[in-house]
1. Do the conditions hold for Thr39, that is, is it out of contact with any helix residue (DSSP H, G or I) (no Cβ under 7 Å at 6 or more places or on another chain), part of a helix (DSSP H, G or I), within 30 Å of Asp104 (Cα to Cα) and not basic (Lys, Arg)?
2. Exactly one condition in (1) farther than 22 Å from Gly37 by Cβ; (2) free of Cβ contacts under 8 Å to residues at least 24 places away in the same chain is false for Ala128; which is it?
3. Would you call Ala46 assigned to a helix (DSSP H, G or I), over 30 Å from Arg133 (Cβ atoms) and not basic (Lys, Arg)?
4. Mind checking whether some residue in the stretch 114-124 is touching an Asp or Glu at 6+ places or on another chain (Cβ under 9 Å) and either of a type in the set (A, V, I, L, M, F, W, C) or surrounded by 15 or more Cβ atoms within 10 Å (Cβ to Cβ) (or both)?
5. Which one of these is buried (at least 17 other Cβ atoms within 10 Å of the Cβ) and within 20 Å of Ala121 (Cβ to Cβ): Leu97, Leu89?
6. Would you be able to say whether some residue in the stretch 128-149 is at pLDDT 85 or above, of a type outside the set (Ser, Thr, Tyr) and not in a helix (DSSP H, G or I)?
7. Checking Trp42 against (1) touching an Asp or Glu at 6+ places or on another chain (Cβ under 8 Å); (2) modelled with pLDDT of 95 or more, only one condition comes out false. Which one?
8. Can you tell me which residues in the stretch 81-105 are part of a helix (DSSP H, G or I) and either farther than 21 Å from Phe66 by Cβ or without any contact (Cβ under 8 Å) to a residue 24 or more places away in the chain (or both)?
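The values are calculated or read from the model by the stated rules, or taken from the named source; none is laboratory data. Treat the numbers as computed from the prediction; the structure is a model and nothing was measured. Heads up, the Cβs are rebuilt from the backbone with ideal geometry, glycines too, and the neighbour counts pull from every protein chain shown.
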Amino acid sequence: MKPRWAATAQKDIHDFADGIGNLLVDSFHYLALFAIGATIVWSAVAAFLSMTAKGVASIEDILLLFIYLELGAMVGIYFKTNHMPVRFLIYVAMTALTRLLIADVQLHHRPEANLLYATGAILVLALATLVIRIGSTRFPSVLGDEAAKK
C-alpha cells in the first residue's frame, strides 16, 4: 500500500503535467488557427488585387473569392466551437469543382467525359451534404454538446 503523501505527490505531478500538456496543445492550436486565417486573408487580398490590376474579374476569380470566404468561415467556426464543420469542406470542394467545370467549358467548348465526371462529383457532394444535414438533425451529437459546455 502506498503512503498517502506518495499518492498525493503522484496526483499533483499528473495534474501539473496534464496542465502543461493542455497549455502547449492549446497554444499550438490557436497559433495554427491564426496562421491559417492570416494565410487565407493574405491569399484573398492577393487574388483581389490581381483582379483589380487586370481591370476585370472572371467568374473563376469570383468563385475563388467564394472559396476563400468559405475557408475563412470554416476557420472562424472552428476557432469559436472547436468543431470542424465538415459541411464547409464539402462546400469548398463543390465550389472548386464548379470553378474547374467553368474553366473547362470556357477552354474546350465541347462536351467531354470530364464534364460528366465533374458534375457527377458535385452531385455526390451535394448528396453527402444532404445526408450530413439529415443525420445531424435526427441524431444530434450528445458528446459534442457536452464538450462544448466544457
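1. Yes: the conditions hold for Thr39.
2. Just one mismatch for Ala128, condition (2).
3. Considered against the rule, which asks whether it is assigned to a helix (DSSP H, G or I), over 30 Å from Arg133 (Cβ atoms) and not basic (Lys, Arg), Ala46 comes out as yes.
4. yes
5. After applying the criteria, what remains is Leu97.
6. Taking every residue of the stretch 128-149 in turn, at least one turns out to be at pLDDT 85 or above, of a type outside the set (Ser, Thr, Tyr) and not in a helix (DSSP H, G or I).
7. All conditions are met except number (1).
8. Those that are part of a helix (DSSP H, G or I) and either farther than 21 Å from Phe66 by Cβ or without any contact (Cβ under 8 Å) to a residue 24 or more places away in the chain (or both): Thr81, Phe88, Leu89, Leu100, Leu101, Asp104, Val105.
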